[in-house]
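Here the structure is laid out as structure tokens; the discussion comes afterwards.
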Amino acid sequence: MTYIKKMYSYGDFCWIDFDEITTLDKLEPYEKAELLYLGHYKQPLRSPFFEKLNNKFVYLAHDDGWFNKIFYKDKNQYIDVLASLVSNRLKSYRQDVLPLSRDIAEQLMLFAKDGILVDFYRNRIIKSRKSIEIPFHVIGENMNFDDVYNNMERHKAKAESEYWLVYSKNEWSIRSYK
């Protein structure tokens, strides 16, 4: 219980990359205000990318990863991260699988734009000798992650579609069953 309390005491973690540290001193007051707004409300006033900073990423998190929102300037970098994310997550279950193919990662990216819930709970992943199936649901954008966590079954039932990431014969595919 002490660990959980400590984790919540960390609060927000917001990160933005930049080319040169000296450019921070050259930001106009309105640009600083936009950065503060971005960090506080987890959404940009105009764009999460700043010409003076030449940033390529913005990472916004709350409660040590409970809520994550990431902006990528280059969608190819986003796809690369997404492609390795699933295989890295499965390593915690002692499952060695290849990263998602570029095509499958691009499809998953399109679903993610609408807000997805990928169900990595051990009892939800279907494993057999021939395949691994990971369910995910398109639930829309949701800012109340306590609600999603506490009412996960309701959110999954309300989802327009249920999909599965399927790993079989060293290949990933996406299947729909609903």
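Read-outs throughout are calculated quantities, based only on the coordinates presented, and are distinct from any laboratory measurement. Computed from a predicted model, the values in this text were never measured in an experiment. Positions of Cβ are generated from backbone atoms using ideal geometry, with glycine treated the same way; all protein chains shown enter the neighbour counts.
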Among strands (runs of 3 or more DSSP E) entirely within the range 10-102, at least 3 residues that are within 22 Å of Phe120 (Cα to Cα) occur in 57-62, 67-72
Quick one: is Gln43 touching a Leu at 6+ places or on another chain (Cβ under 9 Å) and surrounded by fewer than 16 Cβ atoms within 10 Å (Cβ to Cβ)? yes
Within the range 110-136, the residues that are part of a strand (DSSP E or B) and of a type in the set (Ser, Thr, Tyr) are Ser131
